[in-house]
Amino acid sequence: MRTACGAICLAGSLSIGEPANATERGLSEYILGLTLPMEGYTPPPGVYFLDTFVLYQGSGNLLPAIGSRSSTRVTENFVANIAIVGWFPDFKLFGADPGFAVTVPFASSRATENYTVAAPMGPLQRISLADEIASIADTEYSAILGWHAGEQHWNVILTGFAPTGNFDPNRLSLTSLHRPALDLKGAYTYLGLQTGIEVTSALGLTLNAPNTETNYQSGAELHFEWAVNQHFPFGVAAGVGGYFFQQVTNDHGSGDPFGAFRGRVAAVGPLLGYALKAGDQEVDFSARWFHEFAVQNRVRGDLIYASFSFRL
């Protein structure tokens, strides 16, 4: 059931930046909700391809005052295409099925910033800035170990993020956070062979290296993802999923203007999938929509994914 949809069980990377607080620019290398559902499932040996279209629109306020600014609001819109190739060899390692994957995102981002300047005398001045960019984003490299026991599946994934995108600290829009990072994630999936019921959860921790261009050290980030899905015999799957993100250590460094601010966000939304079979080939299509809430020190918005995957 849904062999290809769960094929690339790894953390997706997309680094589109805007000037927010808590972790530099208020964003993470790890993209929340990208690999839902079936995150704990490791596919049979082979080479798999997963392609995902991403659409995000969000906005948020910065701190009440930054220098002479009395208020600042940022709006972020981006679209991206994330291509992932995964190889799962036909041997065991520590009793597990190993896998390796490479993720290459291409992104287009447009950001606007609207703020008012509190002048000593006279009326407030309202200023609007806009910027856009399109380029390759930060790439990632993952190693996977997966286990199976009947209807239960679980894995651990170690992902390294490389700052290969476009970074300029003086721009509103960019396609790199310019900080190497490591993410360690464990995921579990229960998939009932008779009932078709899927329950998935995944917990991970991202550790960020300093941004050497800005002398900014982003804090550690905890992320949790979940899904409850019903797989039907005729190839359709439908359910609900979500994620929760919490920064667990403070930012610091000489380039940190905000101090001990930590980011947080939660989201929930529907999941839909369809497995199309043509002979021995199966192509899995899936869509996810996540609406964010309970946001702190980050931009709040809606995140939409549309994916297809298959075995090469």
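Spot the failing condition for Phe232; the list is (1) touching an Asp or Glu at 6+ places or on another chain (Cβ under 9 Å); (2) at pLDDT 95 or above; (3) surrounded by fewer than 18 Cβ atoms within 10 Å (Cβ to Cβ); (4) more than 26 Å from Lys185 (Cβ to Cβ), and only one is missed.
Here Phe232 meets the rest and fails (1).
If you go through the range 195-216 one residue at a time, do you hit one that is of a type in the set (Phe, Trp, Tyr) and in a strand (DSSP E or B)?
Initially, the range 195-216 is screened for residues of a type in the set (Phe, Trp, Tyr), giving 216.
Restricting the remaining residues to those that are in a strand (DSSP E or B) gives 216.
Yes, there is a match, as at least one residue in the range 195-216 is of a type in the set (Phe, Trp, Tyr) and in a strand (DSSP E or B).
Which one of these is over 24 Å from Thr35 (Cβ atoms), of a type in the set (Val, Ile, Thr), open to solvent by 10 Å² or more (accessible area, probe 1.4 Å) and modelled with pLDDT under 95: Val79, Val117, Val74?
Within the list Val79, Val117, Val74, the selection yields Val117.
Where the second residue is among the β-branched types (Val, Ile, Thr) and modelled with pLDDT of 95 or more and the first is over 27 Å from Tyr190 (Cα atoms) and open to solvent by less than 30 Å² (accessible area, probe 1.4 Å) and lies in the range 153-172, which pairs have Cβ atoms under 6 Å and are six or more apart or on separate chains?
Ala162/Thr139
Go over the candidates Tyr216, Tyr188, Tyr243 one by one and state the one that is open to solvent by less than 50 Å² (accessible area, probe 1.4 Å), among the aromatic types (Phe, Trp, Tyr) and touching a Phe, Trp or Tyr at 6+ places or on another chain (Cβ under 9 Å).
Tyr243
The values are calculated or read from the model by the stated rules, or taken from the named source; none is laboratory data. The model shown is predicted, which means the values in this text are computed figures rather than measured ones. In this analysis, Cβ positions are derived from the backbone assuming ideal geometry, glycine residues included, and neighbour counts consider all displayed protein chains. All accessible areas refer to the heavy atoms of the entire protein, side chains included, with ligands and DNA or RNA removed. Shrake-Rupley method; radii C 1.70, N 1.55, O 1.52, S 1.80 Å.
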